[in-house]
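For reference, the structure discussed in these notes is given below.
What follows draws every value from the coordinates through simple rules; no lab data is involved. The model shown is predicted, which means the values in this text are computed figures rather than measured ones. All Cβ positions, even for glycine, are placed from backbone atoms using ideal geometry, and neighbour counts span all protein chains on display.
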Amino acid sequence: MHYRAIFISDLHLGTAGCQAKALLEFLKDNESDYLYLVGDIVDGWQLRGKWYWPQAHNDVVQKLLRKARKGCRVIYVPSNHDEFARHFVEHHFGGVEVLDETVHTLADGRKMWVTHGDYFDAVVQHAKWLAYLGDHMYEFTLKINRYLNRLRARMGLSYWSLSAYLKHKVKSALSYITQFENAVAHEAGKRGYQAVVCGHIHRAEIREVNGITYCNDGDWVESCSALVEHLDGRLELVFAHV
């Protein structure tokens, strides 16, 4: 499939939770004129504690670089888990542009702000120790999830995300997500944009917030999703099979 633009984030390469094989298949099957890497591509937080880098993760990086060499404009917007890359903003690596944030003009003329969204997370900005603790708890949930889904696979059942289920059941998590989405959309409107795409909260979504098209491209740990722009400017969430 050929799209005008593809937006992906929260790959978390360098962790066991990364669905690298599913991502690789998605990148092989889909081409685009623009490819935006909207943060948390490499998980520096996890790699600092324990090195984990299987061949599939290397294959994803090589595939991204190959797309840039073949003429796709690849733009990388670093975030909190890969904040080391923020030191290289305004540089190019292997044809990949590193930008702190950017604006994508949709085919219908709308201006879409591209930002990871971690700046709207008060925990990340003001209590990083709590963010690290939450990250470890999240990894623990994903570990349980992997064992659970191996069992489900043996029973012929489809993939199911425990962490996504918990987030949707806990009222405080739902309240946080709504506040995050509203804050991002409000800032986009304040800056004069008609749309925004972000990541960070691992919840794929397209919805209108006070006249602003809010989009979250999801992640490649749980939902295995991407936001795509069709040639006519239409936006859609697509999900890979795990």
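Just to confirm the filter: which chymotrypsin sites (Phe, Trp or Tyr not before Pro) across the stretch 32-65 are DSSP coil and have at most 16 other Cβ within 10 angstrom of their Cβ? Numbers along the way, then the final one.
On the way: sites: Tyr34, Tyr36, Trp45, Trp51, Tyr52; in loops: Trp51, Tyr52.
Of the chymotrypsin sites (Phe, Trp or Tyr not before Pro), the ones in loops of the stretch 32-65 whose Cβ has at most 16 other Cβ atoms within 10 Å are Trp51, Tyr52.
Please state, as a whole number in µm²/s, the translational diffusion coefficient that the Stokes-Einstein equation yields for the stretch 180-242 at 37 °C and 0.692 mPa s, with Rh defined as the Kirkwood radius across alpha carbon pairs. Intermediate values should be presented prior to the final figure.
Working: Rh = 12.1 Å.
Answer, rounded: 272 µm²/s.
Please list, in order, the residues from the stretch 6-32 whose amide nitrogen is less than 16 Å from a point placed 7 Å along the Cα→Cβ vector of Ala153.
In the stretch 6-32, the label zone of Ala153 (backbone N under 16 Å from the point 7 Å along Cα→Cβ) covers 16-25.
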